[in-house]
Amino acid sequence: MGYRMNWSHGRLPALGIAVLIAASQVGTAAPAAGQGAPAGLDYDVYKERVEPILLRDRGGYGPGLSGCVTCHIQSGTPMRLQPLEEDATGGVYWTEDQSRSNFDVVSALVAPGEPEQSRLLQAPLDLSAGGSGFHVGGKFWDSKDEADWQAMAAWVSAADSRSASAVAAPEVDFEFFRSCVQRIFQDREQVADRMECAACHGSGVRGFAQDLPEGRDFWNEQESRQNFELLSRFIEPGDPLGSRFLTHPLDSHDGGDNYHSGGRRWHSQDDTEWQMLAAWVNGETPECVVEDR
């Protein structure tokens, strides 16, 4: 049996342990254990020292406060973890098979031997300490001196960098975004009972459909590039089901996230619009199926 954490007296259950346990019962299957991890990363060290960090209760709910699992077993992200099990005392844990699947997923976000080049360590690290510019879940570490960062760094550093086999991600086409994808942001017809994307995503860190100046009905070249840059935070080139842009509005029964405040735009991955976007994220330039308004 895997590492156990008892959240029965913490604040995280406000989200609902049942949600955390069941949320990813539907959706994309994890890679087969042992198939995705780079050679050289130690599974036993991962299970003993790294995986407990993913379960850690951080004392609240929201960016920088929630435990990693709060988002990463619910959302379509590159680190989509296995659903949690619960014992009779309220403790949550992963089984051995689940931990091995998690190991494969987490290892894909690591550059063996290079913690400062590893997304796993950079995303939650504050920008002032050398971290990445944005992490949906907020920043957990103010510096590289923090114990959790050091524990992960030691695990990554112990791996042989020569074992890494980089795979180039496909390029996502800006022109297709500008001329086709952006039309979706203003399209309300397909989901008449919901607001269009632009109604919520017009500003802020998720403002990939920025508010238009009065008298204009579409974005110019500069605005489109700004939208594209922001949307890129929610896209994983080559991985549609790891891209929150495609999973957040997708029904949870077909691989989508557990919750989206804007409702569901696509009820199935078979939706022609979803298929078009998946092809685009995979580096293709498909036929645009969105009506030109």
Gain upon complete extension [Arg49, Glu86; 0.36 nm per residue less C-alpha separation]: 11.3 nm
Cα extents of region 174-281 along the three principal axes, largest first, in whole Å? 40, 31, 24
Applying the Karplus parametrisation 6.51 cos²θ - 1.76 cosθ + 1.60 with θ = phi - 60° to the phi angles of region 66-71, what ³J(HN,Hα) value in whole Hz is obtained for each residue in order, glycine and proline being reported as x? 6, x, 3, 5, 4, 9
In whole Hz, the Karplus estimates of ³J(HN,Hα) for region 263-280 (6.51, -1.76, 1.60; θ = phi - 60°; x where Gly or Pro) are x, 9, 8, 10, 8, 7, 5, 7, 3, 4, 5, 4, 4, 4, 5, 4, 5, 4
For region 219-231, in residue order, the Karplus 3J(HN,Hα) values (coefficients 6.51, -1.76, 1.60; θ = phi - 60°; whole Hz; Gly and Pro = x) are 8, 7, 4, 5, 5, 5, 5, 5, 4, 4, 4, 5, 5
Check which residues have an amide H placed less than 5 Å from His248's amide H, if you skip close sequence neighbours. Asp257
Rank the residues Leu212, Leu230 as a footprinting-exposure proxy: fewest other Cβ atoms within 10 Å of their Cβ go first. Leu212, Leu230
Residues Ser157, Ser224 arranged by fewest to most Cβ contacts within 10 Å: Ser157, Ser224
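Just so you know, all these numbers are worked out from the coordinates, no wet-lab data involved. A quick note: this is a predicted structure, and the numbers were derived from the prediction, not measured. Counting neighbours? That spans all protein chains shown, and the Cβs are built from the backbone with ideal geometry, glycine included.
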